[in-house]
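S.K.: What follows is a single structure, and I will ask about it in a moment.
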Amino acid sequence: MTAASHTAMMLAAWRHAGITRADLAVRTPSAMMLWFQDRALDQLPLGLARARNAHGADVYIRPARGYPWPMVFLDDVAPAMAHRVAKHYAVLVVRTSTLGGCHLWLQLTRALDERQRAQVQRWLIPRVGADPGSVSGEHLGRLAGMKNAKRGGEWVNVLHRPGPRERVWDPTPASPTTAAPRAKPPARKQDSRAPSSAGDGSESAREWGWVRGALEAGLSPTTLYQRLLERASPRRGADAERYARYTLSRALRSTAHRH
């Protein structure tokens, strides 16, 4: 199967799940983040992304922000667990590298906004062993059919694409009192070939929350630092290492004071 086929398979699974618009992000080797936001799936700049990817850039994607979507993302799930989930529910499984875990895009019976999706992630993460640091409701995942520059250029491939008759997961156990919100299209943002100076407005606050939560859950500071660095690098660029050290140091002090 060709790389383009893996990309097409992933996007087809998203369309079938009801995802119609996406944000595409390209992180260059110099840590510059190129954003292409709120694009229809058939209008994503895949040619540009492939060209950049061939020269060492990483390519990420997520359902466009500002809309409710019937899908939730789980990061760094062990392949064995990913296959177990795929046996029971409609889920797209993307393998990010040979030694790494899998990205799971789990279909839901109803559309949820970002806050609700984050709530569902918190409930699911300990049950499938996913990354506790990837709780935001709008986390980026790798686009299948591209190379993972962080892992020496290994291909990111689709391992499982859900069929039309597979069971869609009901998020009620994780979010019992919520109802699907009305969709409100966000204000249009211009695409940019330069890194965003502000990033996502509340991203630092979200990271502060999940860093403290991950420490409370027992994640080692070393592992947490690496995950924070990977998460923040697309937004912070060359400042990511200082930011990750500072944030982790503050969280460690805060956790120590509480105890």
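S.K.: For segment 82-119, name all the residues that are open to solvent by 30 Å² or more (accessible area, probe 1.4 Å), closer than 14 Å to Leu159 by Cα and either acidic (Asp, Glu) or in contact with a Leu (Cβ under 9 Å, 6 or more places away or on another chain) (or both).
M.R.: His83, Arg95, listed by residue number.
S.K.: List pairs: first residue in segment 91-112 and over 19 Å from Arg165 (Cβ atoms), second residue at pLDDT 95 or above and part of a loop (DSSP other than H, G, I, E, B) anywhere in the structure, Cβ distance under 6 angstrom, at least six positions apart or on different chains.
M.R.: Going by the 6 Å Cβ cut-off, the qualifying pairs are Val94/Ala144; Thr96/Val156.
S.K.: Does Glu138 satisfy the criteria of being out of contact with any Lys or Arg (no Cβ under 9 Å at 6 or more places or on another chain), part of a loop (DSSP other than H, G, I, E, B) and modelled with pLDDT of 85 or more?
M.R.: Here the answer is no, as Glu138 does not meet what is asked.
S.K.: Is it the case that some residue within segment 23-45 is within 24 Å of Glu114 (Cα to Cα), touching a residue at least 12 places away in the same chain (Cβ under 8 Å), open to solvent by 20 Å² or more (accessible area, probe 1.4 Å) and part of a helix (DSSP H, G or I)?
M.R.: No: segment 23-45 contains no residue that is within 24 Å of Glu114 (Cα to Cα), touching a residue at least 12 places away in the same chain (Cβ under 8 Å), open to solvent by 20 Å² or more (accessible area, probe 1.4 Å) and part of a helix (DSSP H, G or I).
S.K.: Looking at (1) within 18 Å of Arg231 (Cβ to Cβ); (2) open to solvent by 50 Å² or more (accessible area, probe 1.4 Å); (3) hydrophobic (A, V, I, L, M, F, W, C), find the lone condition where Val59 falls short.
M.R.: Failed condition: (2).
S.K.: Using the structure shown, decide if Pro173 is in contact with a Phe, Trp or Tyr (Cβ under 8 Å, 6 or more places away or on another chain), open to solvent by 10 Å² or more (accessible area, probe 1.4 Å) and either modelled with pLDDT of 95 or more or not hydrophobic (A, V, I, L, M, F, W, C) (or both).
M.R.: So Pro173 passes the test.
S.K.: Looking only at helices (runs of 4 or more DSSP H) that lie completely in segment 186-259, which have at least 2 residues being under 22 Å from Arg142 (Cβ atoms), at pLDDT 65 or above and open to solvent by 70 Å² or more (accessible area, probe 1.4 Å)?
M.R.: Result: 221-236.
The values are calculated or read from the model by the stated rules, or taken from the named source; none is laboratory data. Just so it is clear, the model here is predicted, and its values are computed rather than measured. Neighbour counts are summed over all protein chains in view; Cβ atoms, including those assigned to glycine, are modelled from backbone coordinates with ideal geometry. The area values use the complete protein model at the heavy-atom level, side chains included, leaving out ligands, DNA and RNA. Shrake-Rupley method; radii C 1.70, N 1.55, O 1.52, S 1.80 Å.
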